[in-house]
Amino acid sequence: QVLSTQAVNMKVLPLTRIFKDGKNVQQHFFFDDPDGRASYSHFIGTFSNGNWTILDKGTYIIVSSASGKKIEIYANKPSTEYAGQDAIKAIFMETGRWPDIVVHRGHSYFASAAIESLTPNVEVVFLGSCGGYNNIANVLKYSPNAQIISSKQIGTMLVNDRLCLELNEVIRRGDDVAWDTLWTKLDNIFPNGSTADSRFKDYIPPHKNLGALLIKTYRGIL
């Protein structure tokens with residue numbers, strides 16, 4: 001009963017949780033290997049439309065909403081993996097404004113870099129790597145209130161980028177994030193039988209993430 005109540009409470013993420021100081025701040029981690037470079041290129045292409053602007057800062061970029069609610073996405077370039085991530089961290093430290101959403105892009109063996117950057121400020125963690133489900137306990141150690149998106153099997157940029165774009169469009173429009181609604185929309189976007197469609201079936205929204213729900217419930221009882 002406690003577990004089901006926890007799940008119901010996480011079905012909708014109120015916009016107020018991910019908007020602080022009038023804006024939503026995100027950090028996306030990319031890594032310097034062939035997959036990371038391909039993911040980064042695909043990510044740039046996904047956000048290259050009239051709703052978004054992309055500002056090149058040398059070792060990293062800032063993707064900002066051009067209209068609607070204010071969103072700032074900080075993403076390091078794979079070619080300047082360490083310098084970019086360090087530069088972004090320096091900005092957060094200087095301003096004291098840490099990300100509301102953190103997205104890990106890349107192989108699971110890179111996940112520790114994103115996870116160890118987490119703060120209690122983070123409300124959503126998206127583990128876009130293969131088997132991201134296995135990192136749930138570590139995420140909740142750093143960000144105990146975070147809602148977690150992860151894949152049980154193979155993560156793919158085909159799903160990751162579309163999921164990120166659609167999630168950000170919900171936020172940009174100023175709507176609360178209803179995970180069931182978002183998942184239904186994505187399910188209808190990916191063509192039946194496609195690679196993206198079969199991979200998406202392994203992606204778990206926060207309110208159905210049993211590992212996270214169990215840990216949160218257990219900690220709540222203690």
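The values are calculated or read from the model by the stated rules, or taken from the named source; none is laboratory data. Computed from a predicted structure; not experimentally measured. Reconstructed Cβ throughout: ideal geometry from the backbone, glycine too, with neighbour counts over all protein chains shown. Just so you know, the surface numbers come from the protein's heavy atoms only, side chains and all, with ligands and any DNA or RNA stripped out. Shrake-Rupley method; radii C 1.70, N 1.55, O 1.52, S 1.80 Å.
Applying the condition of being in a helix (DSSP H, G or I) and in contact with a Gly (Cβ under 6 Å, 6 or more places away or on another chain) to the stretch 139-186 and asking which residue is modelled with the lowest pLDDT yields Asn160. Here are the criteria: (1) buried (at least 17 other Cβ atoms within 10 Å of the Cβ); (2) of a type in the set (Gly, Ala, Ser); (3) modelled with pLDDT under 95. Tell me which single one Ser112 does not satisfy. Among (1) buried (at least 17 other Cβ atoms within 10 Å of the Cβ); (2) of a type in the set (Gly, Ala, Ser); (3) modelled with pLDDT under 95, Ser112 violates only (1).
Being within 23 Å of Ile115 (Cα to Cα) and either out of contact with any Phe, Trp or Tyr (no Cβ under 7 Å at 6 or more places or on another chain) or free of Cβ contacts under 8 Å to residues at least 12 places away in the same chain (or both) is a property that Phe43 has.
Among the residues of the stretch 187-208, none is identified as assigned to a loop (DSSP other than H, G, I, E, B), open to solvent by 30 Å² or more (accessible area, probe 1.4 Å) and under 16 Å from Leu13 (Cβ atoms). The residue that is modelled with the lowest pLDDT, counting only those in the stretch 187-202 that are out of contact with any helix residue (DSSP H, G or I) (no Cβ under 6 Å at 6 or more places or on another chain) and closer than 18 Å to Ile149 by Cα, is Ser198. Exactly one residue out of Asp35, Asp56 is touching a residue at least 24 places away in the same chain (Cβ under 8 Å), farther than 26 Å from Leu13 by Cβ and among the acidic types (Asp, Glu), and it is Asp35.
As a summary of the residue check, Ile71 satisfies the conditions (1) open to solvent by 30 Å² or more (accessible area, probe 1.4 Å); (2) closer than 26 Å to Thr184 by Cα except for the one numbered (1).
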